[in-house]
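J.: Once you've had a glance at the structure underneath, I'll fire off some questions.
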Amino acid sequence: MNRQSKGISLKKINVTDRFLKREMELARTEVIPYQWEALNDNVEGAEPSFCMRNFKLAAKLGKKRRALGQESLPVWTTEEFNLVPEKGKPMEDRFYGFVFQDTDFSKWIEAVGYSLAAHPDPELEKLADHAIDIVCAAQYEDGYLDTFYIINDPSKRLTNLRDHHELYCFGHLTEGAVAYYEGTGKDKLLKAAMRFADYVEAHFGEEPEKCKGYPGHEIAEMALGRLYELTGEDRYLKLAAFFVNERGKKPYYFDKEHGIVRDPGEDNDDYYHQAHLPVREQKEAVGHAVRAVYLYTGMAIIAKYTNDESLKSACERLWDSMTNEKMYVTGGIGGTPEGEAFSYPFHLPNDRMYNESCAAIGLAFFARRMLEMSPKNKYADAMERAIYNTVLGGMALDGKSFFYVNPMEAYPEGIRHDAQLKHVVLPRQKWFGCACCPPNINRILNSVAQYAYSENEDTLFMHLYCGADIDTEFAGKKVKIQVTSAYPWEENVRIAFEMKEVVAFTYAIRLPGWCPGTEVLVNGEKACGEEKDGYLYISRKWENEDRIECTFPMQATYYQADTRVRDDIGKAVLMRGPIVYCVEEADNGKELSLLQVNASYEPQIIDEKWNLAGAEDVVRLRGRGRRILPQEGKLYQPFCGYRYEETDITFIPYYTWCNRGVGEMKVFLPVAGV
């Protein structure tokens, strides 16, 4: 049986799931318009993007340079990583923002493409076409398209791959172009991305005369993989493989680029860029967490299409390192703000973590591609945990403010005064100058159906239990599949089949690792099928009105971390299904550090229809515990024990925290009596 698969076209899936549908509608109706205003610097109180302004300026200056020659216009420094106008007044002909500011548009247009695939909207499409016209007008005739260098100094193109994100900008532009083409059938932006790809291909490669560099910030690898999937042109896959294969090889390209001279035999310590070793020799997830998971995603795409077992093995090792030693219970990654990076194994601090929203999204990217290559429930379990907790928690419930980092514990007084916590910002912000996270959240929410389902010629895979109507076919025979779900609050998922003739195919259902008691029935009887790697494969000749009923018992359960996670020894976290819970000041008062939970008491559902800021049917839980009574006196005194009072403890889903004002929050609580 072929178990490789590909994502289902968004045009073939209508998401009906009440939980995820709300988030998707929020992204479509609120976030996409809001972010367009942000790209044009029209959101009051938010940091300016300068994105669309830069594209317009690049088009104007590029045209002048081509007409009059390079020396006819001033050349600006390319050493700045983030240029902010002096006294808030931008000069007319200067680039502003980060070197990667172009990607604000690219991620926005990607989300628009996904949205239009599922919800045609002539007005939004007209706006997007207008934006594409602005962007494409800035492209050079040779295909190059990066406003930082077009505006500042075109002669410096591709001279600082390590730091200056040109290939990152290319990657995001390509991702957005593919999504917009798939959503609308319009190819103007796609052709621009392909011309840019041609420019990149002419510069890099195995040929002796070509550059042996690779991206400082990965994404081009996975973007070229998507371009290959769309066009079938092997050269794009070959270029992606070149970038992956060159990384970490001697002589180290970034050393050459920056004049770094190493002693004979000296090891490369460039963990930040995942360039310390060739990728097939890497065994531990290290460095900048977002860059890492983007690289790993590209590796998985290449391994799938080239049947490269050594690359696949590297992906599996790096996945296990990341999820078994370095992933938070919420599916977040990035244990340290130093380099926005993975920390050492089992170092998962709760208040000094980084846990960037983009990193959790990148984990989902990686998981999806691993599932399409080799379906195992461990990939889907982690993907689900990341999406339902950290990704959703990165956006306010009204869709108008965002977290960049996602703490597991927040003490606002400490955040205000402790320089080590300066990266934690409360509350969520309207926008960021470095605005990678808000549009990234937007793009994954608008495409979440492709993470929930994939297919091949004879199998449909259900990775997430997302309610949806799916139109597909097997052996030329059409099948309509209706998935009804109130997940993640309710434990029952129903699948109904509609067809005009008998159709033989396999329906593969993920059996979640958090639920040992999963029950699957076909037409009321226990399902028969092959169980492999946490998936149940039900192969049969399906008939009209056949049905599958799945039950995933959701008992609220306390979990403890591995004892090697020093920050969580003696503590517990509450989960129900895939949802991680936390305690918040709004329910439990100040000084949450004084709370201890009674882990032997079974938490009870307070209500199943809690409505918070428009989020309906949220399940809140009540546990029992005790609070240490304050004992003021000398800073230190002979130990005399603590006095306690018994108390109820209210738990809310982690993704809903900080929607009722700024206050304390904790995910892990000390266990009473431990």
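The values are calculated or read from the model by the stated rules, or taken from the named source; none is laboratory data. The structure presented is a predicted model; accordingly, all values stated were derived computationally and were not measured. Cβ placement follows ideal geometry from the backbone for every residue including glycine, while neighbour counts extend to all protein chains displayed. Heavy atoms of the whole protein, side chains included, go into the accessibility calculation; ligands, DNA and RNA do not. Shrake-Rupley method; radii C 1.70, N 1.55, O 1.52, S 1.80 Å.
J.: With the alpha-carbon atoms as the only input, what is the per residue convex hull volume for the stretch 162-308 in Å³?
T.: Dividing the Cα hull volume of the stretch 162-308 by its residues yields 112 Å³.
J.: Here's a follow-up. Based on the Cβ-Cβ distance from residue 229 to residue 544, what FRET efficiency comes out when R0 is 30 Å, to the nearest 0.05?
T.: On the way: r = 33 Å, r/R0 = 1.10.
Efficiency for this residue pair is about 0.35.
J.: Further, regarding this structure: Express in Å², to the nearest 10, the accessible area of residue 327 obtained by rolling a 1.4 Å probe over the protein heavy atoms while all chains stay in place.
T.: 30 Å²
J.: Can you pick out the pairs among 249/326; 12/186; 430/666; 89/191; 6/478; 21/188 whose Cα atoms lie more than 28 Å from each other?
T.: Long pairs (Cα-Cα over 28 Å): 89/191; 21/188.
J.: Where the centroid of each part is defined by its Cα atoms, how far is the stretch 122-144 from the stretch 362-433 in Å?
T.: Centre-to-centre distance over Cα atoms comes out at 31 Å.
J.: With r defined as the distance between the Cβ atoms of residue 478 and residue 629 and R0 fixed at 60 Å, what FRET efficiency is calculated, to the nearest 0.05? Write down the numbers at each step before the final one.
T.: Numbers: r = 67 Å, r/R0 = 1.12.
Efficiency, rounded to the nearest 0.05: 0.35.
J.: Divide the volume of the convex hull of the Cα atoms of the stretch 249-362 by its number of residues and quote the answer in cubic angstrom per residue. The partial results should precede the final answer.
T.: Numbers: hull volume 13.2 nm³, N = 114.
Given the Cα convex hull of the stretch 249-362, per-residue volume reads 116 Å³.
J.: Another question, then. What do you reckon, how do 317, 368, 65, 195 stack up by accessible area (1.4 Å probe), largest on top?
T.: Putting 317, 368, 65, 195 in descending order of accessible area: 195, 317, 368, 65.
J.: Also, quick follow-up: Please list, ordered by chain and number, the residues whose modelled amide H lies under 5 Å from the amide H of residue 546; skip anything fewer than 5 residues away on the same chain.
T.: The answer is 497.
J.: Among the chymotrypsin sites (Phe, Trp or Tyr not before Pro) in the stretch 1-95, which ones are in a DSSP loop with at most 14 other Cβ atoms within 10 Å of the Cβ? Mind listing them?
T.: Passing both the DSSP loop test and the Cβ count: 81.
J.: Starting from the Cα-Cα distance between residue 525 and residue 612, subtract it from 0.36 nm times their residue separation and give me the gain in nm to one decimal.
T.: Between residue 525 and residue 612, full extension yields an extra 27.4 nm.
J.: To the nearest 10 square angstrom, how much accessible area does residue 148 have with a 1.4 angstrom probe?
T.: 10 Å²
J.: Please compute, over every Cα-Cα pair in the stretch 322-402, the percentage with a separation greater than 15 angstrom.
T.: 55 percent
J.: Excluding residues fewer than 8 places away in the same chain, name every one of the lysines whose C-alpha is closer than 26 Å to that of residue 634.
T.: 590
J.: Continuing with the same structure: What does the chain give for Rg and for Dmax, in Å, if only its C-alpha atoms count?
T.: Using the Cα atoms of the chain, the pair Rg, Dmax is 25.5, 83 Å.
J.: What residues from the stretch 495-538 fall in the zone where the backbone N is under 20 Å from a label point 7 Å along the Cα-to-C-beta line of residue 602?
T.: 514-519
J.: Divide, for the stretch 277-436, the radius of gyration over alpha carbons by 2.2 N^0.38 Å, where N is the residue count.
T.: 1.05
J.: Given the C-alpha atoms of the stretch 585-648, compute the convex hull and give its volume per residue in Å³.
T.: In the stretch 585-648, the Cα hull volume divided by residue count equals 99 Å³.
J.: Could you list, in their original order, any pairs among 11/56; 477/532; 378/477 whose Cα atoms are separated by more than 29 Å?
T.: 11/56; 378/477
J.: So what's the net charge close to residue 643: Lys and Arg +1, Asp and Glu -1, counting the other residues with Cβ under 15 Å from its Cβ?
T.: -2
J.: What does the helix-only formula give at 222 nm for the chain: each DSSP H stretch with n ≥ 4 adding -39500 (n - 2.57), the total divided by the residues, and the result rounded to the nearest 500 deg cm²/dmol?
T.: The helix contribution divided over the chain gives -10000 deg cm²/dmol.
J.: Further question: Starting from the stretch 164-226, pick out the GluC sites (Glu not before Pro) whose DSSP state is loop and whose Cβ has at most 14 other Cβ atoms within 10 Å.
T.: Taking the stretch 164-226 and a limit of 14 other Cβ atoms within 10 Å, the loop GluC sites (Glu not before Pro) found are 206, 209.
J.: Calculate the spin-label point distance for residue 29 paired with residue 338, positioning each point 7 Å from the Cα along the beta-carbon direction, and give it in nanometres.
T.: 4.7 nm
J.: Can you list the GluC sites (Glu not before Pro) in the stretch 245-303 that are in a DSSP coil and have 14 or fewer other beta carbons within 10 angstrom? Working shown, then result.
T.: Details: sites: 246, 257, 266, 281, 284; in loops: 266, 284.
Loop-located and lightly packed - 266.
J.: Leaving out ligands and nucleic acids, and using a 1.4 Å probe, what accessible area per residue does the chain come to in Å²?
T.: 40 Å²
J.: Can you tell me the equivalent ellipsoid semi-axes for the stretch 440-486? Use √(5λ) from the Cα gyration tensor, largest first, whole Å.
T.: Working: eigenvalues 95, 32, 16 Å².
Output for the stretch 440-486: semi-axes of 22, 13, 9 Å.
J.: Counting only protein heavy atoms and a 1.4 Å probe, tell me what percentage of the chain's accessible area is made up of carbon and sulfur.
T.: Values: 12920 of 26980 Å².
C and S atoms contribute 48 percent here.
J.: So, in nm, how far is label residue 1 from label residue 518 when the simple model puts each one 7 Å beyond its Cα toward the Cβ?
T.: 1.3 nm
J.: Next question. With just the Cα atoms defining each centre, how far is the stretch 267-306 from the stretch 1-67? Give it in Å.
T.: 27 Å
J.: Would you kindly state how much longer the chain becomes between residue 266 and residue 206 on full extension, computed as 0.36 nm times their sequence separation minus their alpha carbon distance, in nm to one decimal? Kindly include the intermediate steps, with their values, before the conclusion.
T.: Working: separation 60, 0.36 × 60 = 21.60 nm, distance 2.53 nm.
Result: 19.1 nm gained on full extension.
J.: Report residue 226's accessible area, 1.4 Å probe, all protein chains in place, as a number in Å² to the nearest 10.
T.: 30 Å²
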